[in-house]
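Notes follow the structure.
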Amino acid sequence: MTTTAVLDVLTTEPYNAQASREALREDRTPAAACFVRSHFGVPRIDTDRWCLRLPGAAGLTYPELLAWPSTAVDVVLECAGNGRSGMAPRPPGLAWDDRAVSCVRFHGVPLRLVLGRLPADTCEVVFRGADSGVAHGRRARFERSLPVRTALHPDTLLATHLNGLPLTPEHGAPVRLVVPGWYGVASVKWLVEIRAVTEPFHGLFQTEQYVVDGRPVTTTLVKSMITDPAPDVVLSGHPVEIHGHAWSNARITLVEVSTDGGRTWRAATLRHGAGHAWTDWSIDWTPRRHGRHRLLARAHDATGAVQPMSAPWNSLGYGNNVVASTEVEVR
């Protein structure tokens, strides 16, 4: 296993792990290094026995799904709790730092092809995974819903492959939902049932968990990370390149970098990725003094949203998109 494939395991039962800093330096996160979020145990599902229940139709088998026209979509997959450990006071939940995110390529069948025409009175589309267990003192299964418009978006996929390889059990094999631009909770893994409902869905992970101010978390907020230089690295006074990624539910239009702790800012050079991938950014810097330096990065998107210097706190610790920060030493 290469260093990029090493995961930082937070819990083993259920299995949750964040990507390594080395892996996140790459344009596309290696499949073995992609972060993993599980709420219950990881189901082991035989593709020969898998069958997806669909609204108003017979079940769909794995070979039947593979026979549909397929496509590939580059996606930034981010846990809504990414950055929770940086909130003060720290909310309950997994103590993700800033590495519960990955940029990968999913391959699969556009959901709208399989769903076809939904009933006219459909309010939402509900997705159920094969995973279940005890949560908050009661038995629960993992379910989330999407608005019809999002479910029928051409890039919403029934995914079977990640970075060109069949999904592994940890990433939702044999089939998972992929919803670009939404937090990872929407991309239900181990998918076994889809149903159309005529009233808003009220499930544990829709109305009690993954909510902020009483509303379900949905699309990702504008955010950035600094991948180089690494935290606490020792630099000389020679020129260096500060590099990182930025992403949002909308196109990234600007990334600003500060090398003096936020007093002054400069625009970085952007390189947009394909599809819904993150945007690479870089800027040259020549340190002018010795000592500690706090480097900051803040992204802007096409809606006018900008990363805040301090993110609003919420009781479950979701959506922390505070400006990216790292400290280095110059000698």
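For region 209-253 and region 3-77, what is the centre-to-centre distance using only Cα atoms, to the nearest Å? What the calculation gives is 23 Å, centre to centre.
Only DSSP H runs of four or more residues enter the estimate; each adds -39500 (n - 2.57), and after division by the residues of the chain the mean residue ellipticity at 222 nm equals -1000 deg cm²/dmol. Across region 50-58, coupling constants 3J(HN,Hα) worked out from phi with the 6.51/-1.76/1.60 Karplus curve, θ = phi - 60°, read 5, 8, 9, 7, 10, x, x, 8, 5 Hz, and Gly and Pro carry x. Determine the shape class of region 198-331: with a ≥ b ≥ c the square roots of the Cα gyration tensor eigenvalues, call it rounded for a/c under 1.5, and otherwise prolate if a/b is greater than b/c, oblate otherwise. Prolate, since a/c reaches 1.5 and a/b exceeds b/c. Which shape class applies to region 273-331: rounded if a/c is under 1.5, otherwise prolate when a/b exceeds b/c and oblate if not, where a ≥ b ≥ c are the square roots of the Cα gyration tensor eigenvalues? Oblate is the answer for region 273-331, as a/c is 1.5 or above yet b/c matches or exceeds a/b.
With the cut-off at 1.5 for a/c, could you classify region 112-207 from its C-alpha gyration tensor as rounded, prolate or oblate? In terms of gyration-tensor shape, oblate. Amide H contacts under 5 Å for residue 220: 182, 183, 249, restricted to partners 5 or more places along the chain or on a different chain, H placed in the peptide plane at 1.01 Å from N.
About its Cα centre, the chain has a charge dipole of approximately 320 debye under the convention of +1 per Lys or Arg Cβ and -1 per Asp or Glu Cβ, with nothing else charged.
Coordinate-derived values only; no laboratory data. The model shown is predicted, which means the values in this text are computed figures rather than measured ones. Methodologically, a virtual Cβ is constructed for each residue, glycine included, from the backbone with ideal geometry; neighbour enumeration extends over all protein chains shown.
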